[in-house]
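The values are calculated or read from the model by the stated rules, or taken from the named source; none is laboratory data. Predicted model, so just to flag it, every value in this text is computed and none were measured. As a convention, Cβ positions derive from the backbone with ideal geometry for all residues, glycine included, and neighbour counts pool all protein chains shown. Calculation scope for accessible area: heavy atoms of the full protein, side chains included, ligands and nucleic acids excluded. Shrake-Rupley method; radii C 1.70, N 1.55, O 1.52, S 1.80 Å.
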Amino acid sequence: MAAVDRFRPSEGCFAMDRIPITLEGLHRLETELRHLKTVERPAVIRQIAEARDHGDISENAEYHAARERQSFIEGRVAELEDKVARAEVIDVSKLSGKVIKFGAKVTLADEDSDEEITYQIVGTEEADIDKHRLSITSPLARALIGKQTGDSVEVMTPRGSKAYEIMKVRYR
């Protein structure tokens, strides 16, 4: 069974807790993880050592701030390591077809204004509405999955119901 087919959008998860992600999204997670381990972690360790050298740590604001930063970094490292380990990389360049699924770039026309917008359907870890990347678990992406060019979808938004016509479906 293909990874794309195992995704259950209504449940918001992959079978076996796998995280759907594009190769680009995985690279972003790995880059952040590497930066935290090789740059941020050593820097905060130095800050803690320097703050300790200033004397009494019970009232040392620099020490406590550095320890809080260290706690944040270690938590984020653990979170990223978990996500990378559970990543189910879906190579969008190998996908094709007319039916919308994970990784698709979909051009929609607002049925009220005829304004067109293009979104790519991606994993929750790489979603960024400002960059037109929709999470597979978002209401709009869930409405689009399984549809194709020419179909219409209606989605409830905070401002009420919106209707879109699917103008184009493509994969990189």
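For the reader, a short list of remarks on this structure follows.
- DSSP loop GluC sites (Glu not before Pro) with at most 15 other Cβ within 10 Å excluded, longest remaining stretch of the chain: 12-110
- Dipole magnitude for the chain: computed about the Cα centre from +1 point charges on Lys and Arg Cβ and -1 point charges on Asp and Glu Cβ, it is near 720 debye.
- Cross-link pairs Lys94/Lys168; Lys101/Lys131; Lys98/Lys131; Lys83/Lys147 - those with Cα-Cα distance over 26 Å: Lys83/Lys147
- Relative to the compact-globule estimate of 2.2 N^0.38 Å, the Cα radius of gyration of the range 96-143 comes out at 1.12.
- Highest-first packing order for the peptide set 156-163, 101-108, 42-49 is 101-108, 42-49, 156-163, based on the mean count of other beta carbon atoms within 10 Å.
- The Cα-based radius of gyration of the chain, divided by its Kirkwood radius, gives an Rg/Rh of 1.15.
- Surface analysis of the chain yields an accessible area of 59 Å² per residue, using protein heavy atoms and a 1.4 Å probe.
- Remark: relative contact order (the range 73-172) = 30 percent; criterion is Cα-Cα distance under 8 angstrom and separation of 6 or more residues.
- Averaging over all projection directions, the Cα-based convex hull of the range 90-172 occupies 5.1 nm² in the image plane.
- For the chain, the longest principal axis of the alpha carbon atoms and the long axis of helix 23-35 meet at an angle near 10°.
- All-pairs Cα distance distribution in the range 67-127, expressed in whole percent, bin size 10 Å: 17, 30, 25, 17, 10, 0
- Its relative contact order, with pairs defined as Cα atoms under 8 Å and 6+ residues apart, puts the chain at 23 percent.
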